[in-house]
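Asker: Structure in structure tokens, see below.
The values are calculated or read from the model by the stated rules, or taken from the named source; none is laboratory data. Please read all numbers here as calculations on a predicted model, not as lab measurements. Positions of Cβ are generated from backbone atoms using ideal geometry, with glycine treated the same way; all protein chains shown enter the neighbour counts.
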Amino acid sequence: MTLPLALLPFQGVDETTVTRLADQLADKGFACSVRPAMALPADAYNRLREQYRAEHLLETTRQAVAGRVLGVTDQDLYAEGLNFVFGMAERPGRAAVITLARLASADAARFQARVLKEAVHELGHTLGLAHCPQSTCVMHFSNTLADTDRKGADFCAACRARLAALSTGF
């Protein structure tokens, strides 16, 4: 089964990155449509931290599109009690947001792999999945880029079974 997904870039995000992500997510079972870039919400920016509040971008993303949606920004994000986040999602729900800001690599293929992993991870949360203890599963928590690089871009067998049990159709 294919799940419809809107990709919602925020201003400043490279179109090529989003287009490649749409293609990669199609291979994972998502039917992606790329929406026009949206302005960053001014009230989400914290001048003292020089970061955007992830919860605000998540809410903006959720309000912008009626179906399942993934917001993509190139701005650094944080959440309450955390120095930074790679992304955030409703669990379960229909909205998620990721940032490209901390995924940079001189190797373009590595960068795109990181983007895909973080996107699939956050979308997994929208489907109802929690973090997974399996270090190679895409649902494993990433606290560092090394964690992201180590894990795969797919759900492990246990997470696939959980998805089936949750009747998401994925």
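Asker: Please work out if Arg102 is of a type in the set (Lys, Arg), in contact with a helix residue (DSSP H, G or I) (Cβ under 8 Å, 6 or more places away or on another chain) and at pLDDT 95 or above.
Answerer: yes
Asker: Does Ala119 count as under 17 Å from the mean Cα position of the chain (by Cα) and outside any helix (DSSP H, G or I)?
Answerer: No: the conditions fail for Ala119.
Asker: Could you please find all residues in the range 96-112 being more than 24 Å from Pro4 (Cβ to Cβ) and of a type in the set (Gly, Ala, Ser)?
Answerer: Listed by number, the residues that qualify are Ala101, Ala104, Ser105, Ala106, Ala108, Ala109.
Asker: Ala101 passes all but one of (1) under 30 Å from Gln11 (Cβ atoms); (2) part of a helix (DSSP H, G or I); (3) of a type in the set (Gly, Ala, Ser); which number fails?
Answerer: (2)
Asker: Ok, one more. Specify the residue that is nearest to Ala6 (Cα to Cα); the eligible residues are those in the range 126-143 that are at pLDDT 95 or above and surrounded by fewer than 20 Cβ atoms within 10 Å (Cβ to Cβ).
Answerer: Result: Gly128.
Asker: Kindly provide the set of residues from the range 144-170 that are modelled with pLDDT of 95 or more, within 23 Å of Val85 (Cβ to Cβ) and either over 17 Å from the mean Cα position of the chain (by Cα) or not in a loop (DSSP other than H, G, I, E, B) (or both), ordered by number.
Answerer: Result: Leu145, Ala146, Asp147, Thr148, Asp149, Arg150, Cys156, Cys159.
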